[in-house]
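Engineer: My questions will all concern the structure given below.
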Amino acid sequence: MANRKKKLEMKYLVRRTVFLVVLMLLLFGAGWGLWWLLRGEGEEGPGSSGTAQSPSQTPSQPETSASPDPEPVSVPEPEPDPGPAIDPDDWQLVLINPTHSIEKELEMEFDEVQGYKFDSRIAGKVRELIAAAKEDGYSLAIVSGYRTMDRSRMLYANKIAEYQNMGYDEATAKVEAAKWVAPPGTSEHHSGLAMDIVSGDYYTKYSDLVEAFENEPEAVWLRENCARFGFILRFPKDKTEITGINYEPWHFRFVGEEHARAIMDQGLCLEEYLGETD
């Protein structure tokens, strides 16, 4: 009997001990949780302002100002190509016109193309131009090249007589004649650098050199390709007040390839290019 009572007391003691241990663990855990919670609310977290916020409040976001548009980068415009240098003593740029006349024949060596004389330094370019036109399907015929002063004198006199026969007085006839045939000493043909050139069948359509030639395929080809060989359309339609010569879609003048490209690209006449417009 005594042994049984002793066993019951031991069992009761064990249960009580277990209960006390569990209770202590629960109390310790609850205390630890409460301490951790209070610690977390009281401390500042990273980036915290230290001010409590209600759940309905959201942290204020830093204001972000719109980035200003970057200023446009100033890119300097490329300077215009000044073109080739102009040497007043360059034989290719000799100017012969009513205000720049010559008193005597120029000395040069001649070479013939299609039976017409040219300064021998450009004869090869004349041949190249005619050959290139032929390759493109166009036949060209030269009708005037180098001209002596005596030849100009005769042609000018004939033109004056033609106007007088139409009723013009002598003074007016000379003025009108000079628009088509340069008086001796003022003709570009004296330079050996100029030519009148038309289509191969020109005289089956026209009896004289006329402005209507500008519409012929050969005239268009010449305007578009002459600079490749160093030639320019010498008397353009919109430059008659400067040149003093009527529009001549058949008259081409050698100035060299670089100068020719600059003149044709800019739509100039030779006087403008050389600064001789006064």
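Quick grid of which residues meet (1) crowded, with 19+ Cβ neighbours inside 10 Å; (2) in contact (Cβ under 8 Å) with a residue 24 or more places away in the chain:
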position	(1), (2)
MET108	no, yes
GLN114	no, yes
PHE118	yes, yes
GLY124	no, no
LEU129	yes, yes
LYS134	no, no
SER139	no, yes
ARG147	yes, yes
ARG153	no, yes
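Engineer: Can you name every one of the helices (runs of 4 or more DSSP H) wholly within the range 85-180 that holds 3 or more residues which are touching a Phe, Trp or Tyr at 6+ places or on another chain (Cβ under 7 Å) and at pLDDT 95 or above?
Structural biologist: Working: elements: 120-135, 149-165, 170-178.
Correct list: 120-135.
Engineer: Among (1) over 21 Å from HIS100 (Cα atoms); (2) more than 37 Å from the chain's Cα centre (by Cα); (3) in a helix (DSSP H, G or I), where does SER207 come up short?
Structural biologist: (3)
Engineer: Restricting attention to the range 160-204, which residues are closer than 27 Å to LYS117 by Cα and basic (Lys, Arg)?
Structural biologist: LYS179, the sole residue that qualifies.
Engineer: Scan the range 194-204 residue by residue and report those that are assigned to a helix (DSSP H, G or I) and open to solvent by less than 30 Å² (accessible area, probe 1.4 Å). Step through it out loud before you land on a result.
Structural biologist: Within the range 194-204, the subset assigned to a helix (DSSP H, G or I) is 202-204.
Passing the criteria: only TYR202.
Engineer: Right, next: Give the range 117-135 a look and list any residue that's of a type outside the set (Lys, Arg) and in contact with a helix residue (DSSP H, G or I) (Cβ under 9 Å, 6 or more places away or on another chain), or say none.
Structural biologist: As a first pass, look at the range 117-135 and keep what is of a type outside the set (Lys, Arg): 118-120, 122-124, 126, 128-133, 135.
Of everything in the range 117-135, those that are of a type outside the set (Lys, Arg) and in contact with a helix residue (DSSP H, G or I) (Cβ under 9 Å, 6 or more places away or on another chain) turn out to be PHE118, ASP119, ILE122, VAL126, GLU128, LEU129, ALA132, ALA133.
Engineer: Which of (1) under 12 Å from ASN97 (Cβ atoms); (2) out of contact with any strand residue (DSSP E or B) (no Cβ under 8 Å at 6 or more places or on another chain) does THR240 not meet, given it meets every other one?
Structural biologist: Condition (1) is where THR240 drops out.
Engineer: Quick check, is ALA227 open to solvent by less than 50 Å² (accessible area, probe 1.4 Å), outside any strand (DSSP E or B) and at pLDDT below 95? Quick ask: steps written out before the conclusion?
Structural biologist: Details: open to solvent by less than 50 Å² (accessible area, probe 1.4 Å): yes; outside any strand (DSSP E or B): yes; at pLDDT below 95: no.
Considered against the rule, which asks whether it is open to solvent by less than 50 Å² (accessible area, probe 1.4 Å), outside any strand (DSSP E or B) and at pLDDT below 95, ALA227 comes out as no.
The values are calculated or read from the model by the stated rules, or taken from the named source; none is laboratory data. What you are looking at is a predicted structure, and each value in this text was computed from that prediction instead of being measured. Ideal geometry is used to build each Cβ from the backbone, glycine not excepted, and the neighbour counts take in all protein chains shown. Accessible surface is based on the protein model in full, side chains and every heavy atom, while ligands, DNA and RNA are left aside. Shrake-Rupley method; radii C 1.70, N 1.55, O 1.52, S 1.80 Å.
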